[in-house]
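What follows is a single structure, written as structure tokens, with notes after it.
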Amino acid sequence: TLFQSPEEGWQLYTSAQAPDGKCICTAVIPAQSTCSRDGRSRELRQLMEKVQNVSQSMEVLELRTYRDLQYVRSMETLMRSLDARLRAADGSLSAKSFQELKDRMAELLPLSSVLEQYKADTRTIVRLREEVRNLSGSLAAIQEEMGAYGYEDLQQRVMALEARLHACAQKLGCGKLTGVSNPITVRAMGSRFGSWMTDTMAPSADSRVWYMDGYYKGRRVLEFRTLGDFIKGQNFIQHLLPQPWAGTGHVVYNGSLFYNKYQSNVVVKYHFRSRSVLVQRSLPGAGYNNTFPYSWGGFSDMDFMVDESGLWAVYTTNQNAGNIVVSRLDPHTLEVVRSWDTGYPKRSAGEAFMICGVLYVTNSHLAGAKVYFAYFTNTSSYEYTDVPFHNQYSHISMLDYNPRERALYTWNNGHQVLYNVTLFHVISTAGDP
């Protein structure tokens, strides 16, 4: 008789009983089972996943760098045009017009060195992309051969590539927040409170939108195929979460939803493709159930964010006397990598978001709000800011930054709203300290 396990592919043949009454069995194990259970093979697959993640990050970084380069090039064209007008003026301009041209040139002159730096950075990205392609090919060849030769060297190369990519992401496109655009209303849908988002790690071809209405006990997540479908309310599928959520501080990162489990300080990582919880973990000491929410309440004790550096959690504890704590999380294990006490009382904050390792806090969730406070994790320092923020519909219950789009996603009194941001870049030359 033949029995076959679909999970493993094993085949079991049974024969007649032996003289002592025992059953004589013959098990035939397919070749691929040996490989699938081999530890080195598992490590190779993990490396392949890492290289794939690096490749996706490269695409996002390349897109953002291209946008910046186009902007700076347009400024260079303007600068050359102004320079030509100055040279051709020959006394035909009034003193006032001539001075205005000179002042405008003085403003644009620093962009020339910025342009050269962006050109150099673009070449760096091209080299990194080629290394990713070579590593992918080497790993694929090793998987086919299963000899696992050169594995340690490949592992070191992947780790070094990840480090270089992280440094590149910190340098390119990062800067200090200096402006928030006027709001762009995408759609009016749902109740007064909720959240909507795109995947910050998805390649440019992936424009899915996730939508979660309400701020507590909800389990239904709608996944729209594109932003256009979201606007029209068509072409979506539904995910039913195994545990209900609390608050609106959810985030989608690299194919998974990170959210706070209702009536607990548990972080849940839900994978959309497999429709399963990959990991869940308590955030040590974090308040929950409206213990330390933002000023608008709504069980907003725990707020998850993603920026150029990775995954973050914003919350507070009794030990921190209700002040905002920022923690960097490992997206695979949900363990806290490092934490910072910002000293800013969470109940006085309207909402918050992360850009380039900096936490920005608004002073209200109502009309008249502005970005009032910034905490820099790289220096463990803070400053008070004054960046105007137009709260068009007078009640914000979700505010999150997407580094791929360089935009703020907002849920404002039942409206889904986008804001573009302006970042001030400081690029040092080799001679600078």
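The values are calculated or read from the model by the stated rules, or taken from the named source; none is laboratory data. Predicted, not measured: the structure shown is a model, and the values here were computed from it. Here Cβ is always computed from backbone atoms with ideal geometry, including for glycine, and neighbour counts include all displayed protein chains. Surface accessibility is based on the protein's heavy atoms, side chains included, excluding ligands, DNA and RNA. Shrake-Rupley method; radii C 1.70, N 1.55, O 1.52, S 1.80 Å.
For the reader, a short list of remarks on this structure follows.
- Every residue from the range 213-230 that is open to solvent by 50 Å² or more (accessible area, probe 1.4 Å) and closer than 18 Å to Thr248 by Cα: Asp213, Tyr215, Tyr216, Lys217, Arg219, Arg220
- Matching residues, the range 156-175, being open to solvent by 30 Å² or more (accessible area, probe 1.4 Å) and either modelled with pLDDT under 65 or closer than 30 Å to Thr385 by Cα (or both): Glu162, Ala163, Arg164, His166, Ala167, Gln170, Lys171
- Checking each residue in the range 340-364 for being surrounded by 23 or more Cβ atoms within 10 Å (Cβ to Cβ) and not in a strand (DSSP E or B) picks out Lys346, Ala349, Gly350, Glu351.
- Within the set Arg273, Arg281, the sole residue that is in the same structural domain as Asp330 (by the TED database) and either part of a loop (DSSP other than H, G, I, E, B) or at pLDDT below 95 (or both) turns out to be Arg273.
- Of the criteria (1) at pLDDT 90 or above; (2) open to solvent by less than 60 Å² (accessible area, probe 1.4 Å); (3) closer than 21 Å to Val306 by Cα, which one Thr385 fails: (3)
- Gln99 being part of a helix (DSSP H, G or I) and modelled with pLDDT under 70: no
- Scanning the range 311-325 for residues that are assigned to a strand (DSSP E or B), in contact with a Lys or Arg (Cβ under 9 Å, 6 or more places away or on another chain) and either in contact (Cβ under 8 Å) with a residue 24 or more places away in the chain or crowded, with 21+ Cβ neighbours inside 10 Å (or both) returns Leu311, Trp312, Ala313, Val314, Tyr315, Ile324, Val325.
Let's see how each residue does on (1) open to solvent by 20 Å² or more (accessible area, probe 1.4 Å); (2) small (Gly, Ala, Ser):
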| site | (1), (2) |
| --- | --- |
| Tyr211 | no, no |
| Gly247 | no, yes |
| Val252 | no, no |
| Leu257 | no, no |
| His271 | yes, no |
| Val279 | yes, no |
| Pro293 | no, no |
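- Flag for Tyr393 being touching a Phe, Trp or Tyr at 6+ places or on another chain (Cβ under 7 Å), open to solvent by 10 Å² or more (accessible area, probe 1.4 Å) and of a type in the set (Phe, Trp, Tyr): no
Conditions (1) modelled with pLDDT of 95 or more; (2) surrounded by 15 or more Cβ atoms within 10 Å (Cβ to Cβ); (3) among the charged types (D, E, K, R), marked per residue:
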site	(1), (2), (3)
Asp121	no, yes, yes
Leu128	no, yes, no
Arg133	no, no, yes
Leu139	no, yes, no
Met146	no, no, no
Asp153	no, no, yes
Leu177	no, yes, no
Gly194	yes, yes, no
Thr198	yes, yes, no
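Okay, residues lined up against (1) without any contact (Cβ under 8 Å) to a residue 60 or more places away in the chain; (2) of a type in the set (D, E, K, R); (3) within 18 Å of Thr316 (Cβ to Cβ):
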residue: Glu223; (1), (2), (3): yes, yes, no
residue: Leu227; (1), (2), (3): yes, no, no
residue: Asn235; (1), (2), (3): yes, no, no
residue: Gln238; (1), (2), (3): yes, no, no
residue: Gly247; (1), (2), (3): yes, no, yes
residue: His250; (1), (2), (3): yes, no, no
residue: Asn254; (1), (2), (3): no, no, no
residue: Lys269; (1), (2), (3): no, yes, no
